[in-house]
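The structure appears right after this line, and notes come after that.
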Amino acid sequence: MSAVHALSDDQVGQELRKMTAFIKQEALEKAREIEIKANEEFSIEKSKLVRQDTDAIDAAHAKKLKQAAMSQQITRSTVANKTRLKVLAARQQLLDDIFDAAAQRLAEGTKDKAKHKETLKNLLLEGLYALTEPDVQVRARKADYDVVKEAIKEAESEYKSSTGKETKVTIDEENALPEGSSGGLMIVGGNGKIEINNTFDERLLLLQSSALPAVRKTLFGANPNRKFYD
């Protein structure tokens, strides 16, 4: 049986110091592990926050760029539309001026009596051929009655030569054309139910409608957006 020896005070102190050192070392290592893990978690969270902030900034920047591009596009479209409308308005004004000038020159055509009579005769013949009636009335300006009477005689004669039929044309003096009009004739048949408007003003309107595309092309060139033509 072995003997149990009691530890001296020095030995007890030495063992206590070893245990204390061991516990301290364990505590330091544990604290180091906690610090390392905390730093790693901090770095991860920091990166996450930085990435979120960066994404938010990029998204906001992209949104602003998109809004700026859209605003620029709207501005360009608005300016283009305003410019196009101004050009169209200027072109229309030019066309209106051309036809207004033509309307003013209609009155000058009545100064040459021979040409005026020939024009009235042809307008009357056009109506006579369309109506093919034995009795027809014409309405004219009172100032033109004399030349209209001469035109009637020639038209009646030419109509008979062309068709072999006679027609009687009289002036409807109760319904004269306004003196402010450009002249011409209103030809009435069918017992007053049929009217053929061969006044100079009406013929100018017809010419304006039919000749407008050609006038536009002459003045402004062909329309690149037009695909179909009459």
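The values are calculated or read from the model by the stated rules, or taken from the named source; none is laboratory data. No experiment lies behind these values; they were computed from the predicted model shown. Positions of Cβ are generated from backbone atoms using ideal geometry, with glycine treated the same way; all protein chains shown enter the neighbour counts. Keep in mind that these areas ignore ligands, DNA and RNA; they rest on the heavy atoms of the full protein, side chains included. Shrake-Rupley method; radii C 1.70, N 1.55, O 1.52, S 1.80 Å.
Tell me what the chain gives for mean residue ellipticity at 222 nm when only DSSP H runs of n ≥ 4 count, each as -39,500 (n - 2.57), the sum divided by the residue total, rounded to 500 deg cm²/dmol.
After summing the helix terms and dividing by residue count, I get -25000 deg cm²/dmol.
Straight-line reach from Lys66: which aspartates and glutamates have a Cα under 19 Å away, not including same-chain ones fewer than 8 places off?
Asp55, Asp58
Sequence neighbours fewer than 8 away in the same chain don't count; with that in mind, list the lysines whose C-alpha is under 20 Å from Lys48.
Partners within reach: Lys37.
Which of the listed residues, Gly192, Pro134, Ile98, is farthest toward the dipole's positive end in the chain, when Lys, Arg count +1 and Asp, Glu count -1 at the beta-carbon?
My answer, from the dipole projection, is Ile98.
If I take R0 = 35 Å and measure r between the Cβ atoms of Asn81 and Ile57 in this structure, what FRET efficiency does the formula 1/(1 + (r/R0)^6) give, to the nearest 0.05?
Efficiency, from the Cβ-Cβ distance: 0.45.
Relative to the Cα centre, what is the charge dipole magnitude of the chain, using +1 at the beta carbon of each Lys and Arg, -1 at the beta carbon of each Asp and Glu, and rounding to the nearest 20 debye?
520 debye
So how tilted is helix 9-106 from the main axis of the chain? Cα-based, degrees 0 to 90, rounded to 10.
10 degrees
Compute the whole-percent fraction of alpha carbon pairs in the stretch 27-130 spaced more than 20 Å apart. Could you put the intermediate results ahead of the total?
Working: 4070 of 5356 pairs.
Within the stretch 27-130, distances greater than 20 Å cover 76 percent of Cα pairs.
Taking amide H positions as placed in the peptide plane 1.01 Å from N, state which residues far from Thr199 in sequence (5 or more) or on other chains have amide H under 5 Å from it.
Leu185
In the chain, which longest range has no chymotrypsin sites (Phe, Trp or Tyr not before Pro) that are both DSSP loop (not H, G, I, E or B) and surrounded by at most 15 other Cβ atoms within 10 Å? Kindly include the intermediate steps, with their values, before the conclusion.
On the way: sites that count: Phe228, Tyr229.
It works out to 1-227.
Angle, helix 113-131 long axis vs. longest principal axis of the chain, Cα atoms, 0 to 90°, nearest 10?
It is inclined by approximately 80 degrees.
Roughly speaking, to the nearest percent, how much of the chain's 1.4 Å accessible area is carbon and sulfur?
Numbers: 9650 of 17520 Å².
Roughly 55 percent of what the probe reaches on the chain is carbon or sulfur.
Output needed: percent of Cα pairs per 10 Å distance bin for the stretch 98-196, bins running from 0 to the one holding the longest distance.
The calculated distribution, bin by bin, is 16, 48, 29, 7, 0.
For a Förster distance of 25 Å, can you work out the FRET efficiency between the beta-carbons of Ile194 and Lys113, rounded to the nearest 0.05?
Plugging the Cβ-Cβ distance into 1/(1 + (r/R0)^6) gives 0.25.
Taking θ as phi - 60°, what are the ³J(HN,Hα) couplings along the stretch 136-151 by the Karplus curve (6.51, -1.76, 1.60), each to the nearest whole Hz, with x for Gly and Pro?
Once θ is set to phi - 60°, the couplings for the stretch 136-151 become 9, 10, 10, 10, 8, 6, 4, 5, 9, 4, 4, 6, 5, 4, 5, 5 Hz.
Please give the charge dipole size of the stretch 32-99, origin at the Cα centre, charges +1 on K and R Cβ atoms and -1 on D and E Cβ atoms. Round to the nearest 20 debye.
540 debye
Against the longest principal axis of the chain, how steep is helix 200-220, in degrees 0 to 90 to the nearest 10, with axes from Cα atoms?
Once rounded, the angle reads 40 degrees.
Under the rule that an exposed site lies in a DSSP loop and has at most 12 other Cβ atoms within 10 Å, name the longest stretch of the chain with no GluC sites (Glu not before Pro) of that kind, not counting the sites themselves.
In the chain, the maximal stretch lacking such sites is 1-165.
Show me the trypsin sites (Lys or Arg not before Pro) within the stretch 19-122 that DSSP assigns to loop and that have at most 14 other Cβ atoms within 10 Å of their Cβ.
Numbers: sites: Lys24, Lys30, Arg32, Lys37, Lys46, Lys48, Arg51, Lys63, Lys64, Lys66, Arg76, Lys82, Arg84, Lys86, Arg91, Arg105, Lys111, Lys113, Lys115, Lys117, Lys121; in loops: Lys111.
When the trypsin sites (Lys or Arg not before Pro) of the stretch 19-122 are filtered for loop state and at most 14 Cβ neighbours within 10 Å, Lys111 remain.
Express the Stokes-Einstein translational diffusion coefficient of the chain in µm² s⁻¹, to the nearest whole number, given a Kirkwood radius over alpha-carbon pairs, 25 °C and a viscosity of 0.890 mPa s.
Diffusion coefficient, whole number: 89 µm²/s.
With every protein chain present, what accessible area does Ser161 have (1.4 Å probe, heavy atoms only), rounded to the nearest 10 Å²?
Approximately 100 Å² of Ser161 is accessible to the 1.4 Å probe.
Using the Karplus equation 6.51 cos²θ - 1.76 cosθ + 1.60 (θ = phi - 60°), what ³J(HN,Hα) coupling, rounded to whole Hz, does each residue of the stretch 186-198 give in order, writing x for Gly and Pro?
10, 9, 10, x, x, 6, x, 8, 10, 10, 10, 8, 10
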